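Report on the following structure.
Nothing in this text is a laboratory measurement; each read-out follows from the coordinates by a stated rule. Keep in mind that this is a model prediction, so the values were computed, not measured. Note that each Cβ is placed from the backbone with ideal geometry, even for glycine, and that neighbours are counted across all protein chains shown.
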Amino acid sequence: MKQEFIFIGPPGSGKGTQTKMLSAEYGFPHIDTGSLLREEVASGSEEGKLANSFMEQGQLVPIELVSKIIKNRLLKDDCKNGFILDGYPRSTEQAAALDEILKEIDKDTDTVPNVFYFEVDKTKLVERLVNRRSCSVCGAIYNLKTMNLEDETKCTKCGGKLIRREDDTEEVAEKRFTTYFNQTAPLIELYEKRGWLTKLDASLPIDTIYKNLTGAIKTHVNS
Ligand code: AMP
């Protein structure tokens, strides 16, 4: 049975960490629009330049660009049995665009996406964001405050250099929260009304959140 997962949560709520763990265990591709956009920026393309002008302001990149990237990605062969969407959709307009894409790619199935909402108090989030580092080679995510690394510049998994995202400053983080609360948070009600939503307490330790997440998935699949 095809399985589709959508993850919604404020910046720093730990979606990236959990969705990567889920992808490694279940084998579904992890599709993270933030990383896809950062790749576009790094390529130096005109679209990347346009995207960057919104990203550095903590705003949503125009829907036309994001929809194009997502549609191309979901049409790839590795999404046939399912996928994990991390950070998309982020507005009711994007949710409507996704509905259209899914209508097309799922026309022969009766798949209903599972949506997980990561609930966490905002005060914890700013602290998580400014202490977040990621590996420039393998993408592993670290928190300098909670992880107590011997060398704060080196990935313990692959030895790659740890970097801080340009938008993980307190100033841009505040703007990203505003964008989240104004544009993304309304999706919670939208998906709740459809009966697709599961709320998870994202203030818990990483392993506990993952146990709750996979437990909820098993319950859905077996029900
Ligand atoms: P993230 O890595 O998920 O924190 O995303 C980083 C930035 O990429 C966001 O602040 C937005 O500027 C942009 N972005 C990521 N996903 C989307 C999306 N679905 N729609 C529009 N912009 C996005």
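Cβ crowding within 10 Å, taken as a proxy for footprinting-reagent exposure, orders 26, 191 from fewest neighbours to most as 26, 191. Each DSSP beta bridge with both residues in the chain is either parallel or antiparallel, and the antiparallel ones are about 25%.
Each 5 Å bin, from zero up to the one with the longest distance, holds this percent of the alpha carbon pairs of the chain: 1, 6, 14, 19, 21, 19, 12, 6, 2, 0, 0. Straight Cα distances below 19 angstrom link residue 154 to the lysines 145, with same-chain residues fewer than 8 positions distant left out. Taking 28 Å as the straight-line reach from the Cα of residue 2, the lysines in range (excluding those fewer than 8 positions away in the same chain) are 15, 20, 68, 71, 76, 80, 103, 107, 193, 199, 211, 218. Positive end of the dipole of segment 19-171 (Cβ unit charges, origin at the Cα centre): among 84, 144, 111, the Cα lying farthest that way belongs to 144.
Size check on segment 101-223: the Cα extents along the three principal axes, sorted descending, read 49, 32, 29 Å. Taking the Cα centre of the chain as reference, the dipole from Cβ charges on Lys and Arg (+1) and Asp and Glu (-1) amounts to some 420 debye. Which net charge results for the neighbourhood of residue 152, defined as the other residues with beta-carbon distances under 14 angstrom from its beta-carbon, given Lys and Arg at +1 and Asp and Glu at -1? Here the charged neighbours net out to +4. The distance separating the Cα centre of segment 135-201 from that of segment 64-114 comes to 21 Å.
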